[in-house]
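**Q** Below you'll find the structure I mean.
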Amino acid sequence: MRWLRRLMGDKTDNSVTTTEEEILNLKAAIKRLEEKYLPINLVKKRDQNIDKFYRPKETYLTKSELLLFEKLSTIIVSKEFINVFNEVKYFIFTKVKLIDIVQQTQLSWTKFKELNKNETVVDSIIKEYPDFNDSDYVKLAFYPILNCHIDFLICKSVDVNVVPILGIELNGNDHDSNKPKMNDIFKEHVLDLFRVKKTKGLMIIRNEELTQDGYDDKLKSKLIKTLKELS
């Protein structure tokens with residue numbers, strides 16, 4: 001539970017009961033957190049020059065990310081892919097934050113605790129953190145989806161919208177450590193919310209695979225097989 005302890009901070013109690021108050025509480029909690037970091041407030045002021053704080057990145061995608069994006073883009077318009085999925089259209093999005101595809105079930109700890117009072121998760125939090133409150137809940141439930149993104153998200157066209165189907169993570173050697181592995185597990189569980197079958201919704205690809213002989217065909221077969229299982 002070390003990762004949870006790092007999320008703990010302000011312990012003031014801001015109990016709420018109505019939906020409007022829940023929204024106000026969420027905004028107030030975020031504002032309190034922002035006020036702890038002066039640079040954030042300075043940047044937000046209109047009289048500040050943005051170029052003093054930021055500069056454009058030289059590239060949006062790394063070389064490996066761009067290479068994988070090109071391979072995936074080629075695959076989903078290939079004749080073989082189209083023949084398998086007929087009229088179904090798939091789209092590739094890059095660097096999608098989890099907050100773009102999921103949202104909190106409740107905006108406050110008060111409401112979450114009320115609706116899940118018989119669940120183990122509530123008992124375990126209360127047991128370890130008796131003073132756990134709405135501000136803590138924001139850090140526990142909101143921050144992880146705000147600060148985490150999926151490298152590539154493949155979505156399927158459904159009616160007039162698109163639905164997340166498969167996430168793809170491009171991992172280098174740094175992903176062998178515990179923190180990146182935990183992040184991948186978290187992303188996989190988030191994507192499982194969209195699953196109706198037990199097939200994993202997160203595909204892991206290592207950088208070195210991209211330049212291996214015959215990998216394009218291997219990736220195409222793997223992608224088609226996975227999407228068929230998820231459809």
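Read the figures in this text as sums done on the coordinates, not as results from a lab. Remember, it's a predicted structure, so these values are computed and weren't measured experimentally.
**Q** Past 27 Å, Cα to Cα, is the threshold; run LYS27/LYS95; LYS117/LYS200; LYS139/LYS225; LYS79/LYS218 against it and keep the listed order.
**A** Checking Cα-Cα distances, LYS117/LYS200; LYS139/LYS225 exceed 27 Å.
**Q** In addition: Search the structure for amide H atoms under 5 Å from the amide H of LEU202, placed 1.01 Å from N in the peptide plane, and list their residues when 5 or more places away or on another chain.
**A** For LEU202, the qualifying residues are GLY167.
**Q** Let me ask something additional. Quick check on segment 104-231: of the DSSP beta bridges with both residues there, what percent are antiparallel, nearest 5%?
**A** 60 percent
**Q** With θ set to phi - 60° and the Karplus curve 6.51 cos²θ - 1.76 cosθ + 1.60, what are the ³J(HN,Hα) couplings of segment 221-231 in order, to the nearest whole Hz, using x for Gly and Pro?
**A** My calculation for segment 221-231 gives 4, 5, 5, 4, 4, 5, 5, 5, 5, 8, 7 Hz in order.
**Q** Can you give me the orientation-averaged projected area of the convex hull built on the Cα atoms of segment 56-110, in nm²?
**A** Result: a mean projected hull area of 7.0 nm².
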